[in-house]
Each structure stands twice: as structure tokens, then as C-alpha cells.
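The structure appears right after this line, and notes come after that.
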There are 2 protein chains.
Amino acid sequence: MRVTGDQALVKKLNKSIVLDTIRRKGPLSRTDVSERTGLNKATVSNLTAELLEQKLVEETGPGESSGGRKPLMLLFNEAAGCAIGIELGVTLVKAALTDLKGGILLERSTPLGRHDPESAFAAIREVTVPLLEAAPDTPYGLIGIGVGVPGMVDEAGIILYAPNLGWEGIGLKTRLEAEFGVPVVIDNEANAGAAGEREYGAGRHVRHLVYVSAGMGIGSGMIIDGQLYKGARGYAGETGHMSIESDGRLCSCGSRGCWELYASERAYAYAEASEKNTAADDKNAAAADQASSLPSLTTRELTTRARDGHEETIAMYTEIGRRLGIGITNLVNGFNPEKIVVGGPLTEAKEWIEPAMLEAIAERALPYHRRELAISFSGLGSRSAVLGAAHLAVSQFLGRVRVSL
Amino acid sequence: MRVTGDQALVKKLNKSIVLDTIRRKGPLSRTDVSERTGLNKATVSNLTAELLEQKLVEETGPGESSGGRKPLMLLFNEAAGCAIGIELGVTLVKAALTDLKGGILLERSTPLGRHDPESAFAAIREVTVPLLEAAPDTPYGLIGIGVGVPGMVDEAGIILYAPNLGWEGIGLKTRLEAEFGVPVVIDNEANAGAAGEREYGAGRHVRHLVYVSAGMGIGSGMIIDGQLYKGARGYAGETGHMSIESDGRLCSCGSRGCWELYASERAYAYAEASEKNTAADDKNAAAADQASSLPSLTTRELTTRARDGHEETIAMYTEIGRRLGIGITNLVNGFNPEKIVVGGPLTEAKEWIEPAMLEAIAERALPYHRRELAISFSGLGSRSAVLGAAHLAVSQFLGRVRVSL
DNA sequence: AGACTTAGTTTATCCAATAGACAAAGTATT
DNA sequence: AATACTTTGTCTATTGGATAAACTAAGTCT
């Protein structure tokens, strides 16, 4: 939508700047805010007065004097409302009730046995209702629900394609909005995770961030200039289907050599197949077909084995780490992010994956890209997506105006 | 830089909107502009009055009446100034003098024999001076110079690394600004090409565009939401070093299986090596070492061969096309652009490359990404980078304010 | 106690967008 | 040709933001 400039826009922009400054750097005095933002003291005073009235900001009493009148400190009022973040996983539905700063008030989860939409809706209801009931009495109440789903989501919140759930074209947003009567944001699990890490985790204060979520597949959430990049239609980030082996393993997507076949839990199946076939080889059709089915072992089981010193398992994780590094290198060279954050269930095996991953990146990434690149694992653990989803709702509630010259 | 809102910003924004609307959709009447932008008629009148005074807009006389007073049509005055775009190639320096709408007024080029910076400066001077002298007398004169270079450029216009020129840390921007006394913009050749195609070529009106420039290497220019995406430090787009073969050919960058070893002119060397070694194989160390040197044949020579029906050459181009398609698929899945534009010297062999490229993309790209994806070859041919570079200068001159809610 | 500092508010001013009235310049109808 | 209607573009008064500067409030330092 094209936006023209008028005074309402100016006010919206400046109010958003003031709120954001207090939220991120608070507690601050009005004068601090004025100096940090460049806005006039009077402007800050007026806008904070409105924010106080809106209960989004609180005065927390006098601060330290630096040789004159004591400042009245301002703080973002994270208790002005609450949000619910939901991660719809393939086997598990997790949800958290948070305040506006991502503080967790209550969590619930339930296993997801069947994948039909009705079962999933029931599971979502099951985890959400207790949170709704436990929600504290706040000025704004529940401001929204964010959901991270394992699939592609379009701009209208329709789940276009979620292979691991067998879903196509499910209008989750409409359904949940009707059910709970609050705004709902649906996004890809990796995008939610990226938002979570960027806001509350390992990616704070990072402008250009790529979050790589490795589990049963690989997805990436890309944050460009502080904002989720969604691409032309909202499908960006399907890096799991980046081919790192032009004529490699056949993927269910129809392509070959997809990254996630080598560097996610999906790789387990190939390792299993190669254990059975002594003459195992990617070109061995039998092994490959066998492998394209789901792995029989879970990360939990395999990390136990690795901890017991099982060499083949450790070697497998080393190879997965190397392949993760190869794919990440591709993203680094193409995107030049400031930081890469790796998360998802696979990171339970971090211990055996990390060295090979870092080595591959160190050997293969372009020198200038590598030089100013930070790499870390998820700071929120298994909560990246849930907290990110909640933040998507908060972010939409608070609004944000951005100007670039 | 953080920007706060005030009336100056509002005016800048709206003026930029009015100018842009006239530039892109002109000729338009004031009323047309008002309706298209949503700005009040009076506002449009005031702003156009200033634009007329600034000579950036002209009144071209009355238009067709639709049952009332005839409108006074407004047109962007592309003759208000001129720009120079330069492409610093490895073997050739090209330059064009353009008006503010990318219309070419004069072109010059000169071969680049030696690669030391002084020789390159001399070549740039050689092509630029005649253009300066031929520049018509305009209100603003020469508004700036844009340069596309085969390497990585940082935000300050320093060429950090240009392997094909053997340059590291050359301050081209400062040097040229001192020499010509006008603002200079330096960017990667692929970024310049992307800007050119987006503004004047195959990517007009496309918000999310990836331009793939294939020549002696591969570089990409990524346009996100109408703006060049540069990454954290300005090095984004080095997709030529995306590995599409994890343990493939050894690249001079230190990595393996880099895309450009398979899908650019660099692949010629491997084809030559494999012709000589009957037992040729990527794993054959001798062949690979031999190949890592530069190819002995040029695209011009090879396309001649292909035209003559030389089967091995045609097979080589088919393979290059397939590999191009594989890499493009990776970009499409990750980026979800609206359009991919392929350009660069390699596209002279389009005839033999295109079918395999399109087939690979059709087979391998994810269905939803493919469905709304357009793919085309450069609309500006060998002028993408030169025109894009000129546009970078124009764009900086005209300024642009963007707001997102 | 008095001088100085710092925090935050009040006041007058400025400036751009806007709605609506209006003037200008056409077309359509009688 | 006269009149009614339409469309274009300008003019005028108003609105509502930000701002600088003056001012009040409330502290510290000597």
C-alpha cells in the first residue's frame, strides 16, 4: 500500500520511535529519550504522556541525579497485555502465554497424534484454552495469537503447503480468529524462530540475521534490516531444498541433493540404510529408496548413542555438521548476514555437530563474509518458535513505522 | 541513521512520491497525480510548482479533455541533467552518457590490457573524458558517475576484493570524485546490472528481483522491495561461490563445487581438460589442476563452434545450462523472487543454454515458488551494468524516501 | 544560603497537508 | 449563441504536528 506523508504519519512514526526506544533501552528519562532519538524534549513529553495514558509505558519513580533534578524514569509496561505463541509441530503442539516483552507466564503442550486439520485444531484448542483462562487481567487483555507452522504460509495466513502434515490450503488464520476473537498471525516455523531469536535470543540488535532451523527438514528465517523477509509471495526461506549435490539424493520435492537430506534429521535414514548395505552408496538405488522413508531413530536416541561413544553415530553427526556448514556457507556468501543462528531439534546434537560445521564454514566461506560473521546456536532453545510467534502478535499490536532515506 | 518525523520529512516524502509518479507514469495531469497518489490536489499543485522550478518536471501543454477543462500535462524532464555509467570489466571498460531516464546519448569503450589500478584509471579517463565533453548543456550538468566493478565493494566505495583484477582495497570512489568533481557511486557489476534491468530492462515494475550475471564468474544482484539488497557489509550476492557440489571442483576461493565452476565461462576450462584426458573426471587431480587455469577459448569462439553443430560444444552448453538452472533453483527456493533475469557475457550462448536451464528449474524448483516465477534473459543485453551504474547515480541524485507501516 | 545543573513543561511560532470554495477553461445541450 | 454542466487547477482558512526558547521544578555543590 502506498503511503503518503501527513502529520498523522509523523506522529505515528515518532510515537513508534519513542515507544521502541523505551522498550529496548529502558528505563530512560524523557531527556534520555530526547537525546537518543533526536526528538525535541517537548515532543517526547507529549508522546510519552499519550503512551502513559495508553498504559504502554509506566513511570517507575525517580532515577539517579547527575547534579540536578532527578529524572522520572520511564519503562515499557510489558504487563499492558499478553500474547499467545503457538508452535504447531509435526508431533507436538506447544504454546506459551507471554507478556509483551516475551516473558513466559505459562506454557502448555500436547502431543499431536493425527495430522488431519480437525485433530490439529483440537490440539491447538487444548493448549490454548488453559492459557486463555490463566491470562492475567491487563488493560488490553490478549492482544493476539501467533502461530508457527511447518510449511509455507501466504500473506493471507493460509497454509499453502505443509508436507509433514499433509496439508494444502488450510485457512488457519480465519479459523483461529473466529474461534478466539483476537488477531492471529500465521507464519512459517523458521520465520517465527528467526523473529524469536532476533527479539529475545541470540540475534538481539542484529540487523541482518539468518536463522537456520534444522529438524525433520531445514527451513530458514531471514531477517533483513530488522524485518522478516518473506519474498514475493511469502515463501522465502525454503533453503532446505537448496541443492548442495547437483545429482545427489532424490528428494520428495522432485529435486536432487537437497540440503535437508544431508544436514537434517532426514539424513539419519541414509545413515541407517548405509549401515545395512555394506556396498552403500548414494547411487545405490535400493539404499536410496529405502532412505527416502522416514528414519527409524530419533535425535534423542541417537544423541544417547553418541554420548555412549558409538563411533558410527558420531561420524554421522560429524558429516551432518559438515553438510550444515556447507549449506550455511552458501547462505553466508549469498546473503552476507551479520549473524547466523542455528536452532531446531537437531541442535540437541550440537556437541557433535558444531566442530565440523564451524570447520566447514571456516574453510569455505569467502574471507570478507567470514570476517564479520558471528555464528551461534539458538539462545532460546526449543522455545525460539513459540516466543517468536508470540512476538509476531505483539509486534503487530504495537505497530511499527519505518522510514528510509 | 535513525530518522525522526517532522514536516520536512513529510514534504520530502510527498515530493518524492509526486516526482516518482510522474517519472514512471507520465505524462499525467496534476489531478491524475492527485488521484494516483492519494495526495490532495492542492498538495500536488504546490509540489509540482517546486519541481517545475527545479526543472525536474516540465509542462508539455494541454492534454485531451474528458468533458471539461483540458489538463496541463506534466512530464519528467529527463534532460535536466545527465549521468555517466561505467562498467569496469576485466578486458573492457565501457561507459555511457545518459539522460536522467537512462536514454543513451553517447557510448565509449576501450580494451583493458593491464590490470594495475593506474592502467584502469587511465582507461576510465579515456572513456569518460569524451563523454564529459559531449555532455549537453543542462540545468544540473553531470549529476554523477556510477561504476560497476567485478568485485566486492564496501559501503564507502572501496573495492575490497576483485580477484579478476587482482585488486584489494582500492579507493575508487574517492579517486574518481577528486578527478571529476561529481558524486560517484561504486557497486558490484551484478548489482549495477540488477539495477539496470529493474529500472530499464526486463525487471521493470518488479518488486523482488534476482539478476544473475554469468561471465567469467557468476554474481547476483538482489532487489528486495525495489531496493538493492547489500547485506550487512555490502557483500551480498556472491552466489558464484554457492556450492552446488559439496565435494566437487576445487575453487580458487578455497571452497569446493562453487556454482561458477559449472555454470560460467569458467566451466570451459573443465570441458577442455576433459577433452584432452579421456579418463577425465572431476576427481582426476591432473585434469582439475589443469582446469583451474583460465579457459583458452572465449564464448565468441565457442558459440561459433556451436552454431557449426559441434556436438561436444553443444553438450557443454547444455550442461552449463543445466547447472545454471540448478543454482537458480537454489536462489528461487530461498528467495522467492518474482522474477529472475539472467545476463552477462555467457548469455551470448543463450540459444544452447536456455532449454536445459529452464528444464532444470521446471524439474527442481518448489511448485509454489515456480508457479508465480518469471524467468527471462537480460533486456538490455551487454548494457545492463552500464545503464544500471548510471541509474545508481541518477537515483542518488533524485533521492528517494520510503515509508513502511 | 546562594549558585549552579538537570528535568520536564509551557508558549509562541512555523509549516505542510487538507477540505472546500472558487476561478478558469473546456464540453454538451438547447 | 446562450446556458448548464464538467473538469482542472488555485486560493483560503484550518488543523495539527514539531520545535526553540523561555520557564518552572527539583535537585547538587560549595
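The values are calculated or read from the model by the stated rules, or taken from the named source; none is laboratory data. Here the structure is a predicted model, which means the values were calculated and not measured. Because the Cβ atoms are built from the backbone with ideal geometry, glycine has one as well, and the counts that use them run over all protein chains shown. When the accessible area is computed, the model is the full protein with side chains, heavy atoms only, and any ligands, DNA or RNA have been set aside. Shrake-Rupley method; radii C 1.70, N 1.55, O 1.52, S 1.80 Å.
For q values of 0.14 Å⁻¹, compute log₁₀ I(q)/I(0) with the Debye formula on a Cα-only model of the range A:7-76, without solvent. Normalising to I(0) and taking log10 leaves -0.37. Applying the Karplus relation 6.51 cos²θ - 1.76 cosθ + 1.60 with θ = phi - 60° to the range A:80-94 yields 3J(HN,Hα) values of 6, x, 9, 9, 10, x, 10, 10, 8, x, 6, 10, 8, 10, 10 Hz, where x marks Gly and Pro.
For A:Ala236, what charge total do you get from the other residues with a beta carbon under 15 Å from its beta carbon, if Lys and Arg give +1 and Asp and Glu give -1? Numbers along the way, then the final one.
Values: positive: A:Lys230, A:Arg233, B:Arg207, B:Lys339, B:Arg370, B:Arg371; negative: A:Asp154, A:Glu155, A:Asp187, A:Glu189, A:Asp225, A:Glu238, B:Asp225, B:Glu338, B:Glu372.
Local net charge: -3.
With a simple spin-label model that places each label point 7 Å from the Cα along the Cα-to-Cβ direction, the separation between B:Thr91 and B:Leu358 comes to 2.9 nm. Ligands, DNA and RNA aside, B:Arg364 has an accessible area near 20 Å² when probed at 1.4 Å. In chain A, the longest principal axis of the Cα atoms and the axis of helix A:384-398 are about 30 degrees apart. If you sort the three axes of the alpha carbon gyration tensor as a ≥ b ≥ c, you get a/c of 1.5 or more for the range B:120-238 and a/b no higher than b/c, which makes it oblate.
Give the B-A buried accessible area in Å², both sides summed, 1.4 Å probe, nearest 100.
So the buried area, both faces added, is about 5800 Å².
A cut-off under 15 angstrom between Cβ atoms defines the neighbours of B:Glu338, and their net charge, with Lys, Arg +1 and Asp, Glu -1, is +3.
Take chain B, mark every one of the GluC sites (Glu not before Pro) that falls in a DSSP loop and has at most 12 other Cβ within 10 Å, then report the longest stretch left between them, sites excluded. Intermediate results must be reported in sequence, preceding the final value.
Values: sites that count: B:Glu64, B:Glu155.
It works out to B:156-405.
Put simply, the amide H of A:Cys82, placed in the peptide plane, has neighbours under 5 Å in A:Gly141, A:Leu142, A:Ile143, leaving out anything fewer than 5 places away on its chain. Each residue was assigned an accessible area with a 1.4 Å probe, and for A:His205 the value is about 140 Å².
The phi-based Karplus calculation (6.51 cos²θ - 1.76 cosθ + 1.60; θ = phi - 60°) puts the 3J(HN,Hα) values of the range A:231-237 at x, 5, 10, x, 9, 4, x Hz, whole numbers, x for Gly and Pro. For a paramagnetic label modelled on B:Tyr140 (point 7 Å from Cα along Cα→Cβ), amide N atoms under 13 Å away belong, within the range B:55-90, to B:55-58, B:76-84. Think of a 1.4 Å ball rolled over the protein heavy atoms: the range B:82-165 then has 39 Å² of accessible area per residue.
Counting only DSSP H runs of at least 4 residues, each contributing -39500 (n - 2.57), and dividing by the residue count of the protein assembly as shown, the helix-based mean residue ellipticity at 222 nm comes to -13000 deg cm²/dmol.
Report, to one decimal in Å, the Kirkwood hydrodynamic radius for the protein assembly as shown based on all distinct Cα pairs.
Numbers: mean 1/r = 0.0349 Å⁻¹.
Averaging 1/r across every pair of different Cα atoms and inverting gives 28.6 Å.
For the range B:204-378, just say rounded, prolate or oblate: build the C-alpha gyration tensor, square-root its eigenvalues into a ≥ b ≥ c, call rounded for a/c under 1.5, and beyond that prolate if a/b exceeds b/c, oblate if not. Could the numbers behind the result be given before it?
Numbers: a/c = 1.94, a/b = 1.51, b/c = 1.29.
Here the range B:204-378 falls in the prolate category.
B:Val129 to B:Val3: extension gain in nm, 0.36 nm per residue of separation minus the Cα-Cα distance? That pair, B:Val129 and B:Val3, stretches by 41.5 nm at full extension.
Here the label points at B:Glu177 and B:Ala49, each 7 Å from Cα along the C-beta direction, are separated by 3.6 nm in the simple model.
In whole Å, how far is the Cα centre of the range B:338-391 from that of the range A:123-162? That distance is 40 Å. Here the 3J(HN,Hα) profile of the range B:105-116, calculated from phi with Karplus coefficients 6.51, -1.76 and 1.60 at θ = phi - 60°, is 9, 6, 10, 9, 8, 8, x, 10, x, 9, 9, 5 Hz, Gly and Pro shown as x.
Shown is the FRET efficiency for A:Gln396 and A:Glu168, computed with R0 = 25 Å from the Cβ-Cβ distance and rounded to the nearest 0.05: 0.45. B:Leu51 sits among other residues whose Cβ lies under 14 Å from its own Cβ, and their net charge, with Lys and Arg +1 and Asp and Glu -1, is 0.
Of the heavy-atom accessible surface of the range B:7-76 (probe 1.4 angstrom), what whole percent is carbon and sulfur? Of all accessible area on the range B:7-76, carbon and sulfur atoms account for 46 percent. For A:Val153, the residues 5 or more places off, or on other chains, whose built amide H falls under 5 Å of its own are A:Leu160, A:Asn188.
In chain B, the longest principal axis of the Cα atoms and the axis of helix B:311-335 are about 50 degrees apart. Counting heavy atoms of the protein chains alone, A:Ile158 has an accessible area of about 60 Å² for a 1.4 Å probe.
Between the helical axis of B:189-200 and the longest alpha-carbon principal axis of chain B there is an angle of about 40 degrees.
In the range A:344-390, the residues that give up 50 Å² or more of accessible area when the other protein chains are added, compared with the chain on its own (1.4 Å probe), are A:Arg364, A:Leu366, A:Tyr368, A:Glu372. Considering only alpha-carbon pairs that sit under 8 angstrom and 6 or more positions apart, the relative contact order computed for chain A is 16 percent. For the listed residue pairs A:Lys41/A:Lys339; A:Lys12/A:Lys230; B:Lys11/B:Lys339; A:Lys25/B:Lys15, the alpha carbons are over 29 angstrom apart in A:Lys41/A:Lys339; B:Lys11/B:Lys339; A:Lys25/B:Lys15.
From the Cα gyration tensor of the range A:312-405, with a ≥ b ≥ c the square roots of its eigenvalues, which class applies: rounded if a/c is under 1.5, or else prolate if a/b is larger than b/c, or else oblate? Spell out each step's value before the answer.
On the way: a/c = 3.62, a/b = 1.44, b/c = 2.51.
Oblate, because a/c is 1.5 or more while a/b does not exceed b/c.
Would you please give the FRET efficiency between B:Arg114 and B:Lys350, computed as 1/(1 + (r/R0)^6) with r the Cβ-Cβ distance and R0 = 41 Å, to the nearest 0.05? Working from the Cβ atoms, E equals 0.85.
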